[in-house]
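Student: Okay, handing you the structure first.
Bear in mind that the values in this text are calculations on the coordinates, not laboratory data. This is a predicted model, so every value here is computed, not measured. Cβ: placed from backbone, ideal geometry, glycine included. Neighbour counts: every protein chain shown.
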Amino acid sequence: MKAVIPAAGLGTRFLPATKAQPKEMLPVFNKPTIQYVVEEAVSSGIDDILIITGKGKRTIEDHFDRSFELELSLRNSGKIEALKEIEAISDMADIYYVRQKKQKGLGDAISTAKNHIDGEPFAVLLGDTIAQSNVPCTKQLMDIFYKYEATTIAVEKVPEEKIERYGIIKGSCISDSVYKIEDMVEKPSISQAPSNLAITGRYILVPEIFDHIKEVEPGVGGEIQLTDAMKSLDESYGYVFEGKIYDIGNTFEWLKSSIEIALTDDNVKYDLRQYLMELLK
Ligand code: UTP
């Protein structure tokens, strides 16, 4: 299976940090966000990744490319561990790029992947969303996809106050953590939300989605919503995956993700815990 990582958005919720750099390159603890996303695809068994970029996103390509000068300099100064880490980034997978010429929404971004996908089911991992789990989130979704052979999306139970920020599914629970989707609503008010199951940024889509995207009428700001295209698919499933998701396009989530991920790192977790306890005294 191939993966598509949309990373062409303008990141307006994170201005001014994203004025001259892609939000997908903002570091979370010690790595750019999109590196976590590529690593998730790779550890799910995917080695063909298409990143959807746009204007001002060149550093994403540079990050996954070889950097001969840096490698030579690290080698000459004997920094072999750092050298290995840098080389590993460019060896992770075959990464391809396509540009979305105008930021017309996630549905439009996905439609630029049509030729590369070539009629097969494919995974979508949002470039500004990190999933932390023992079994990679995309791998969990792939297992459900192969069982039901229909579009499968990761959903997360969110507290009431967060409902208005997400696409929310309406569905019936058919087995442990799997919901057959009957409808989806983009950013509903609490009173109109059909459930608290939010669409979180990981999908396994069938290639028919491209025809459905073509039929979608542009919504607010001329954006073509992926949720609208998925609504008209014959069959789709929501899976409450095991793990945690961070949408780093939101400054508070970005900060939380950095702290929580740093607290899992053996080199800094004790000092960070100590520091936080002192700070909050
Ligand atoms: P978001 O809606 O969170 O990204 O899209 P955005 O448009 O950059 O955010 P704000 O609202 O302006 O802050 C989720 C993912 O889809 C990509 C984004 O790069 C992000 O990784 N995306 C979004 C595209 O590739 N193209 C688009 O037109 C919109």
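Student: What list of whole percents do you get for P(r) of the chain, with Cα-Cα distances grouped in 5 Å bins up to the one holding the largest distance?
Tutor: Answer for the chain: a P(r) of 1, 5, 11, 15, 19, 18, 13, 8, 5, 3, 1, 0, 0 percent.
Student: Please label the shape of the stretch 173-272 as rounded, prolate or oblate, based on the square roots a ≥ b ≥ c of the eigenvalues of the alpha-carbon gyration tensor (a/c under 1.5 means rounded; beyond that, a/b larger than b/c means prolate, else oblate).
Tutor: prolate
Student: Please report the net charge: other residues with Cβ closer than 15 Å to the Cβ of ASP228, K and R +1, D and E -1.
Tutor: Details: positive: LYS104, LYS170, LYS187, LYS214, LYS231; negative: ASP108, ASP183, GLU186, GLU208, ASP211, GLU215, GLU217, GLU223.
Net of charged neighbours comes to -3.
Student: Pull out a ≥ b ≥ c, the square roots of the eigenvalues of the alpha-carbon gyration tensor of the stretch 3-47, then state rounded if a/c is under 1.5, prolate if not and a/b is larger than b/c, and oblate in the remaining case.
Tutor: Judged from the Cα gyration tensor, the stretch 3-47 comes out oblate (a/c at least 1.5, b/c at or above a/b).
Student: I need the per residue convex hull volume for the stretch 154-202, using only the alpha carbons, in cubic angstrom as a whole number.
Tutor: Spread over its residues, the Cα hull of the stretch 154-202 gives 67 Å³ apiece.
Student: When only Cα pairs under 8 Å and 6 or more residues apart are kept, what is the percent relative contact order across the chain?
Tutor: Computed value for the chain: 23 percent relative contact order.
Student: With axes computed from alpha carbons, what is the tilt in degrees of helix 251-262 against the longest principal axis of the chain, rounded to the nearest 10 within 0 to 90?
Tutor: Result, in degrees: 60.
Student: Right, next: For a quick check: with amide H placed at 1.01 Å from N, whose amide H comes under 5 Å from TYR97's, ignoring anything fewer than 5 positions away on the same chain?
Tutor: For TYR97, whose amide H was placed from the backbone, the distant partners under 5 Å are ILE51.
Student: Quick check: convex hull of the Cα atoms in the stretch 216-281, volume per residue, rounded to a whole Å³?
Tutor: In the stretch 216-281, the Cα convex hull volume per residue is 142 Å³.
Student: Quick one: of LYS162/LYS281; LYS170/LYS244; LYS162/LYS214, which pairs are farther than 24 Å apart, Cα to Cα?
Tutor: LYS162/LYS281; LYS162/LYS214
Student: Count charges around ALA3 for me, please; just the other residues with Cβ under 14 Å from its Cβ, Lys/Arg as +1, Asp/Glu as -1.
Tutor: Result for the local shell: -4.
Student: Rounded if a/c is under 1.5, else prolate if a/b is larger than b/c, else oblate: which is the stretch 24-97, with a ≥ b ≥ c the root eigenvalues of its Cα gyration tensor?
Tutor: The shape class here is prolate.
Student: First select every other residue whose beta carbon is under 15 angstrom from the beta carbon of HIS116; then total the charges, Lys and Arg +1, Asp and Glu -1. Let's see the in-between values first.
Tutor: Working: positive: LYS2, ARG99, LYS114; negative: ASP47, ASP48, ASP94, ASP118, GLU120.
Its environment carries a net charge of -2.
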